[in-house]
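What follows is a single structure, written as structure tokens, with notes after it.
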Amino acid sequence: MPFLTRLFIKTSLIYLLLALLASWLLSMQAAGLIPVGLPGLFPVTVHLFVLGWVTQLIFGVVYWMFPKYTREKPRGSSFLAWLTYGSLNLGLALRTVGEPLHAARPAALSGWLLAGAALLLWLSGATFLANTWQRVRER
Amino acid sequence: MPRLSVWFIRAALAYLLVGFTWGALMLANIGLRFFPQAWWLLPSHVEFLLAGWLVQLAFGTAFWILPRFMRRPFHGNEKLGWAAFFCLNLGILTTAASDLTNGTALLAAGRTAEVLGAALFAWSVWQRVKPYGG
């Protein structure tokens with residue numbers, strides 16, 4: 001298993017725990033056991049689960065298991081793959097911080113944080129597609 | 001990788017990009033308020049990423065890696081698989097169009113096509129869920 005795949009999978013496991021922790025916080029909030037409100041936590045929870053856990057796990061396994069690109073570069077461009085990993089995780093981290101901040105008190109800084117997160121997350125999908133497309137082919 | 005898997009997986013990748021684009025527009029709009037209609041994209045964002053990306057990637061990968069038969073046709077009835085591909089994609093696009101236009105009849109038609117697509121796919125791979133060489 002390539003190093004980057006191990007990184008994708010281990011990071012996805014951490015996000016799974018974070019998603020479940022965020023979901024636990026939401027349940028505590030709903031039960032009135034947490035005195036302060038946590039605005040913006042629901043969309044963050046969903047994206048921690050769907051992007052951080054499910055999509056990241058898929059990205060890692062696809063990078064590892066899909067048909068080889070060429071004998072010299074079996075997994076395509078390692079630069080694009082690292083860019084996928086970096087932009088997905090930085091984008092998700094910015095969103096996780098920025099969305100509750102912006103929901104609680106909208107400000108220019110948190111607004112731009114969310115715009116940066118959006119750009120990074122889009123970049124992760126685009127680079128994943130660019131690096132995977134040619135590996136999906138008939139044999 | 002069989003041709004049907006290539007189509008399923010490449011379609012999944014295309015939906016991934018469109019779904020991420022919709023999501024990025026909505027997220028950036030929360031911060032910068034430049035696109036007031038951005039929330040209209042939410043239902044199709046969910047549709048593209050759940051049915052278009054995740055379900056379709058699973059179908060394509062399953063059709064590729066499930067145990068094959070010992071005799072031709074190795075992947076079973078491929079026509080059923082192709083019918084599943086067309087029904088599923090027709091369903092996703094119709095459902096997404098209904099989300100953007102608030103058309104309930106379109107939504108019903110889209111969901112019907114999706115159910116049919118899933119049923120056809122299950123039928124096409126049912127016999128391949130078996131021990132290797134069996």
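The values are calculated or read from the model by the stated rules, or taken from the named source; none is laboratory data. Bear in mind the structure is a predicted one, so any value in this text is a computation, not a measurement. No Cβ is skipped: glycine too gets one built from the backbone with ideal geometry, and neighbour counts run over all protein chains shown. Just the protein is used for accessible areas: all its heavy atoms, side chains included, with ligands, DNA and RNA removed. Shrake-Rupley method; radii C 1.70, N 1.55, O 1.52, S 1.80 Å.
Just a few scattered comments:
- Of the criteria (1) within 13 Å of chain A (Cβ to nearest Cβ); (2) charged (D, E, K, R); (3) not in a helix (DSSP H, G or I), which one B:R72 fails: (1)
- Among the residues of region B:87-108, the ones that are open to solvent by 50 Å² or more (accessible area, probe 1.4 Å) and either over 19 Å from B:F8 (Cα atoms) or not in a helix (DSSP H, G or I) (or both) come to 8 in all.
- Helices (runs of 4 or more DSSP H) enclosed by region A:27-139 - at least 2 residues per element that are hydroxyl-bearing (S, T, Y): A:78-104, A:108-132
- Qualifying residue in region A:27-42 (condition: of a type in the set (A, V, I, L, M, F, W, C), in contact with a helix residue (DSSP H, G or I) (Cβ under 8 Å, 6 or more places away or on another chain) and open to solvent by 60 Å² or more (accessible area, probe 1.4 Å)): yes
- Within region A:57-115, the residues that satisfy the criterion of being surrounded by 14 or more Cβ atoms within 10 Å (Cβ to Cβ), among the aromatic types (F, W, Y) and over 14 Å from the mean Cα position of the chain (by Cα) are A:Y63, A:W64, A:F66, A:Y69, A:W112.
- B:Q56 vs. criteria modelled with pLDDT of 95 or more, among the polar types (S, T, N, Q), more than 16 Å from A:L120 (Cβ to Cβ) and in a helix (DSSP H, G or I): yes
- Output for region B:15-31, where each listed residue is open to solvent by less than 60 Å² (accessible area, probe 1.4 Å) and either within 20 Å of B:L88 (Cβ to Cβ) or in contact with a Gly (Cβ under 6 Å, 6 or more places away or on another chain) (or both): B:Y15, B:L16, B:L17, B:V18, B:G19, B:F20, B:G31
- Residue within region A:106-115 that is aromatic (F, W, Y) and more than 11 Å from every other protein chain (Cβ to nearest Cβ) present: no
- One residue stands out in region A:120-139 among those that are within 7 Å of chain B (Cβ to nearest Cβ) and either modelled with pLDDT under 95 or open to solvent by 20 Å² or more (accessible area, probe 1.4 Å) (or both): the one that is nearest to A:A19 (Cα to Cα), namely A:W122.
- Filter pass, A:L21 being open to solvent by 60 Å² or more (accessible area, probe 1.4 Å) and within 12 Å of chain B (Cβ to nearest Cβ): no
- Within region B:1-12, the residues that satisfy the criterion of being within 12 Å of the chain's Cα centre (by Cα) and within 7 Å of chain A (Cβ to nearest Cβ) are B:I9, B:R10.
- Residue that is farthest from A:P67 (Cα to Cα), among those in region B:37-69 that are within 10 Å of chain A (Cβ to nearest Cβ) and aromatic (F, W, Y): B:W53
- Considered as a group, the residues in region B:13-36 that are among the β-branched types (V, I, T) and under 15 Å from A:A126 (Cβ atoms) include one that is farthest from the other protein chains (Cβ to nearest Cβ), and that residue is B:V18.
- Number of positions in region B:1-60 that are over 30 Å from A:A108 (Cα atoms), without any contact (Cβ under 8 Å) to a residue 60 or more places away in the chain and not hydrophobic (A, V, I, L, M, F, W, C): 7
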